[in-house]
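The values are calculated or read from the model by the stated rules, or taken from the named source; none is laboratory data. Nothing here was measured: the structure is a model prediction, and the numbers come from that model. Backbone-built Cβ (ideal geometry, glycine too); neighbour counts: all protein chains shown. The protein model used for the area step is the full one, side chains on, heavy atoms only, and it has no ligands, DNA or RNA in it. Shrake-Rupley method; radii C 1.70, N 1.55, O 1.52, S 1.80 Å.
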Amino acid sequence: MLVSNHGILPVDGLLLDYAIKDAYGRWPRGLTDRRIFKIPIVRQFFMDLGIVLANPQTGQELLEREEIVYIMPGGAREAFKSNRERYELMWKRRMGFCAARDPYWVPIIPAVCVGIDETYHVLFDGYRLSEKIFGKNVLLP
C-alpha cells in the first residue's frame, strides 16, 4: 500500500504509477474521493487509469487480490491548501488505511512527492472558502 501527500493536481501520482508499471510490470490502483466520480469526464478518465472509488470495502477487495493500492489520505483538503500550509499533511484522523491493511499484513510504503506544493501558488485556502460559500457538500473547492 502506497500512501502519499496530495498536490493540487496529482500529477506526481500518475508519474509514480508509470514508474512502478515500468519497474514491476504492475499498475497501482488509486482510490479517489466520491466527488470525483460525480464529474462524468473526470470519472471516465480516472476509471480508464484504474482508479476506483475510495471506501473500505473497495480497498479491502483490492488488497485481497494482491493489488498495489495507492492512496492520498489528505484528499481535497490537502490538495487545495494555501501556500502557508506547504508540505503540511492534512490527514488529521484519516488513518483508516492502517486498519484496512491489517488483516492482510500489507506493508505501508510512504511515497512523498517533493516539489508538488511548489508547482502551483494557491493564495488562499480554497477548501475552507468553498465550505463557507457553498457548504460542506460542495462538489470541489
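Just to be sure, is PHE46 assigned to a helix (DSSP H, G or I), touching a helix residue (DSSP H, G or I) at 6+ places or on another chain (Cβ under 7 Å) and modelled with pLDDT under 85?
no
Matching residues to (1) outside any helix (DSSP H, G or I); (2) at pLDDT below 80:
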{"site": "PHE97", "(1), (2)": "no, yes"}
{"site": "PRO103", "(1), (2)": "no, yes"}
{"site": "VAL114", "(1), (2)": "yes, no"}
{"site": "ASP117", "(1), (2)": "no, no"}
{"site": "PHE124", "(1), (2)": "yes, yes"}
{"site": "GLU131", "(1), (2)": "no, yes"}
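Table: residues versus (1) of a type in the set (Val, Ile, Thr); (2) assigned to a loop (DSSP other than H, G, I, E, B); (3) touching a Cys at 6+ places or on another chain (Cβ under 9 Å); (4) touching a residue at least 60 places away in the same chain (Cβ under 8 Å).
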position: LYS21; (1), (2), (3), (4): no, no, no, no
position: GLY30; (1), (2), (3), (4): no, no, no, no
position: ARG34; (1), (2), (3), (4): no, yes, no, no
position: THR58; (1), (2), (3), (4): yes, no, no, no
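What are the residues in segment 14-38 that are of a type in the set (Asp, Glu) and within 23 Å of PRO56 (Cβ to Cβ), if any?
Correct list: ASP17, ASP33.
From THR32, THR58, grab the single residue that is surrounded by 15 or more Cβ atoms within 10 Å (Cβ to Cβ), farther than 18 Å from ASP117 by Cβ and out of contact with any helix residue (DSSP H, G or I) (no Cβ under 7 Å at 6 or more places or on another chain).
THR58
Just give me the residues in segment 3-24 being open to solvent by less than 50 Å² (accessible area, probe 1.4 Å) and not hydrophobic (A, V, I, L, M, F, W, C), in sequence order.
Once the filter is applied, which keeps residues that are open to solvent by less than 50 Å² (accessible area, probe 1.4 Å) and not hydrophobic (A, V, I, L, M, F, W, C), segment 3-24 yields SER4, ASN5, HIS6, GLY7, PRO10, ASP12, GLY13, ASP17.
Would you mind stating whether MET72 is buried (at least 20 other Cβ atoms within 10 Å of the Cβ), of a type outside the set (Val, Ile, Thr) and closer than 25 Å to LEU129 by Cβ?
So MET72 fits the description; yes.
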